[in-house]
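One structure is given below, encoded as structure tokens.
Read-outs throughout are calculated quantities, based only on the coordinates presented, and are distinct from any laboratory measurement. These numbers come from a predicted model, not from an experiment. Positions of Cβ are generated from backbone atoms using ideal geometry, with glycine treated the same way; all protein chains shown enter the neighbour counts.
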Amino acid sequence: MEISKNIKYIGVNDHSIDLFESQFKVPNGMAYNSYLVIDEKIAVMDTVEKGFTEEWLNNLETALDGRVPDYLIVHHMEPDHAGSIGAFAEKYKDAVIVGSQMAFVMMKNFFGTDFSERRLVVSSGDVLNLGSRDEVFIATPMVHWPEVIMNYDTKDKALFSADAFGKFGANDVSEPWDDEARRYFVGIVGKYGSQVQATLDAIKDHSIEIICPLHGPVLKDDLAHYVALYDRWSSYEPECDGIAICYTSVYGHTREAVKLLADELHAAGKKVCVFDLARDDMFEALGEAFCAEKVVFATTTYNMEIFPFMHTFINHLVERAFQKKKIALIENGSWAPRAAAVMRELLAPCSELDFLDDITIRSAISDANKEQLIALAKVL
Ligand code: FEO
């Protein structure tokens, strides 16, 4: 596939994968992107997951049309991209491997070699000339691993952005970008907001017309939209004025409370997303919790703790620097309700959370609970 006259797409789609990174559901598969820049010199941008080595090498050979690559630029060493470096190095023995110092440390760890006889170590500001174009390197540590480096192609004004601006889903499946990119962003780099902010600052002086990420589609139109979303997500500002209700329910009573609250909010014209954390995709719930202005947590007291799915969910939020929200806690407990206190303790590391009054249900929702839920809906 041609991205521009001199930039070709040579990546692959993975429809056999069930869980990306062994935890994120990817019902529409995953794309491992790789690119070829053809000039007087030829550079390959990243490899693919090792299960797709043969398909990728075939794509590369077709795009090369009889020429041979001079460089393999390694932006990121996670195995979904680095899994075919060995096969490439074996097939193209004269190609120079280009990456950050840390990338070569990781190559030694993963493959037992750091290609010391045929490598080029680059850092921020370094330039690789391919003939009529320069590739300008921009180090972007922790977006998504510490070795990550992006590069900007001066001729096509293309940013090779590593994991940034990627999404879940194979490229042969058409779906809206924002939702799956948000779920991917929050799940994968949600913790690293300040590093993403530093990346946005580092790329802002380049005139970018194409973004070539390592997952998801190549972005060419309305780039300001994607950059604005990345700015918002990485600064932990709500994306919408909606309400995310995240709950667990053992016998349905807590669910009944959530339904009453959601019905009241819907009737008031509010945007509401409701997630049963035991059954719905937890990372979609995570994305919506980051997106929303207000989040309601509802769960059961369980072994003097909280229901395990809620515990896991809050751990995911805290790990990812969840912050800047209005919060409501609904607890259920038949003889010693403690869930609200436990949730509050678990959320303590998060900054700028504004807690509303808790609601306590003792088994089934009472008339008093109904009034509390209607009052909470009004506050929300
Ligand atoms: Fe797509 Fe961080 O690897």
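The figures follow:
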quantity: Cα-Cα P(r), the chain, percent of pairs per 20 Å interval; calculated: 28, 47, 22, 4
quantity: Virtual spin-label span in nm between S351 and A336, 7 Å along Cα→Cβ; calculated: 3.6 nm
quantity: Helix 53-64 vs. the chain, principal-axis angle (Cα, 0 to 90°, nearest 10); calculated: 50 degrees
quantity: Degrees between helix 223-234 axis and first principal axis of the chain (Cα, 0 to 90, nearest 10); calculated: 50 degrees
quantity: Lys, Arg +1 and Asp, Glu -1 on Cβ, resulting dipole of the range 189-228 about Cα centre, debye, nearest 20; calculated: 200 debye
quantity: Separation in nanometres of the label points that stand 7 Å from Cα toward Cβ, at H225 and A268; calculated: 3.1 nm
quantity: Helix 177-189 vs. the chain, principal-axis angle (Cα, 0 to 90°, nearest 10); calculated: 90 degrees
quantity: Centroid-to-centroid separation of the range 47-114 and the range 200-227 [C-alpha atoms, Å]; calculated: 24 Å
quantity: For V218, V186, order by how many other beta-carbon atoms lie within 10 Å, fewest first; calculated: V218, V186
quantity: Rounded to 5, percent antiparallel among DSSP beta bridges of the range 197-315; calculated: 25 percent
quantity: Furthest towards positive pole of dipole, H76, S116, I138, structure part the range 48-138, Cβ charges; calculated: S116
quantity: Nearest-20 debye value, the chain charge dipole, Cβ charges on Lys, Arg, Asp, Glu; calculated: 640 debye
quantity: Given charges at beta-carbon only (K, R positive; D, E negative), |dipole| of the range 1-128 in Debye; calculated: 180 debye
quantity: Cα-projected label distance for D276 with S22, points at 7 Å along beta-carbon direction, nm; calculated: 2.9 nm
quantity: For the chain: relative contact order, % (alpha-carbon pairs under 8 angstrom, 6 or more apart); calculated: 11 percent
quantity: Violating pairs (Cα-Cα greater than 31 angstrom) within the set K167/K378; K50/K294; K41/K108; K326/K370; calculated: K167/K378; K50/K294
quantity: Trypsin sites (Lys or Arg not before Pro) restricted to DSSP loop in the range 271-334 with at most 10 other C-beta within 10 Å; calculated: R279
quantity: DSSP beta bridge pairing in the chain, given as percent antiparallel to the nearest 5; calculated: 45 percent
quantity: Residue-span extension gain [N315 to V105] - 0.36 nm each, minus C-alpha spacing; calculated: 72.5 nm
quantity: DSSP beta bridges in the range 262-380 [antiparallel fraction, %, rounded to 5]; calculated: 15 percent
quantity: Structure-based [θ]222 nm, the chain - -39500 (n - 2.57) summed over DSSP H runs of at least 4, per residue, nearest 500; calculated: -10000 deg cm²/dmol
